[in-house]
Amino acid sequence: MAHLLRKELQLTKLYILFFILLIPFTYGMNVQITGITIWIMIGFMIMMFYSDSLNEVYRYIVSVPIKRDQIVCTRYIFLLILSGGFSLYLWLIDYVAHIGLPFLEKESLSGINIFSLFTLISIIFSASIPLFYYIKSFHRAMTVYMVLVIIVAFFTAIITFNPLITFDNAIIHFVHSIIEIQPFIILGSFSMLCLFVSYKFSAWIFIRRDII
C-alpha cells in the first residue's frame, strides 16, 4: 500500500504545491477561502480519476498482485491525509494572516470551523468517489457528477435563500444542538463513518467491476 500512496503523491505533487501557494495569496486578496478550499479538494479527487483513465491504470492492475480493495483503500487514505493536512495548513495560515494582515475583514477560523470544513469535505468525498468507481468512463462519470453538482447547488440555493421555506432552519438548529454536545468528537466520528461506509461501497463496486 505504501507504493500506491507514493504513486498518488507523485501524481498530485504539483497540485499540492499550487494549493500551498494559493492559500496565502487568497488571504492577501481578502477573499473567502473555505469555498475555494472545498473546490481545490474536489479537484484533487477528479484529477486522480482522470489520471487513472488517461493512463489506463485499471487495465494495468489486472497483471499485478494487488487487491482491488487495497487500491480503493489507498485512495481514501490519501484523500483523508490531504484533507486533514490542508485543513490544518489553512488554520495555520489563517492564524498568521490575522496577526500580520490587520486589514482582513473576515473573522479568524476557529477549531470548530476547521473541523466543520473537514467534515464537509469528507461528506463530499464520501458521496462522490463511489460514482467514479461505478461509471467506467471517466468523461461520462464527470458529466453525471457535474449535473448532480448543479442540481444540488440549485436546490440548496432555493432552500437557503427563499424566505418562504423555513423547514431547514429547524433541521440546522437540531444539527447544531447535537454537535455542540461534543463538537470535535461528533464531527470527527461522523467524518470517519461517512468515509468508511463510502469506502466499503466503492470497494464492493470496484471488486465486481469488469475492467478489461
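The values are calculated or read from the model by the stated rules, or taken from the named source; none is laboratory data. The model shown is predicted, which means the values in this text are computed figures rather than measured ones. Here the Cβ is made from the backbone with ideal geometry for all residues, glycine too, and neighbour counts use every protein chain on show.
Residues in the range 176-212 that are assigned to a loop (DSSP other than H, G, I, E, B), farther than 20 Å from Asn113 by Cβ and hydrophobic (A, V, I, L, M, F, W, C): Ile211, Ile212.
Just one of Ile159, Ile185, Ile179, Ile212 is loosely packed, with under 12 Cβ neighbours inside 10 Å and modelled with pLDDT under 80; which is it?
Working: Ile159 fails: loosely packed, with under 12 Cβ neighbours inside 10 Å; Ile185 fails: modelled with pLDDT under 80; Ile179 fails: loosely packed, with under 12 Cβ neighbours inside 10 Å.
After ruling out the rest, the residue left standing is Ile212.
Trp39 fulfils the conditions (1) within 21 Å of Pro130 (Cβ to Cβ); (2) modelled with pLDDT of 85 or more; (3) in contact with a helix residue (DSSP H, G or I) (Cβ under 7 Å, 6 or more places away or on another chain); (4) not aliphatic (A, V, I, L, M) except for a single criterion, (3).
Of all the listed residues (Ile61, Ile33), the sole one being touching a helix residue (DSSP H, G or I) at 6+ places or on another chain (Cβ under 8 Å), buried (at least 17 other Cβ atoms within 10 Å of the Cβ), closer than 18 Å to Ile121 by Cβ and modelled with pLDDT under 80 is Ile33.
Screening Val147 on (1) surrounded by 11 or more Cβ atoms within 10 Å (Cβ to Cβ); (2) modelled with pLDDT of 85 or more shows it passes everything except condition (1).
State all residues of the range 97-113 that are part of a helix (DSSP H, G or I) and surrounded by fewer than 20 Cβ atoms within 10 Å (Cβ to Cβ); if no residue qualifies, say none. Full working, then the answer.
Taking the range 97-113 first, the residues part of a helix (DSSP H, G or I) are 97-100, 111-113.
Hits for the range 97-113 are His98, Ile99, Gly100, Gly111, Ile112, Asn113.
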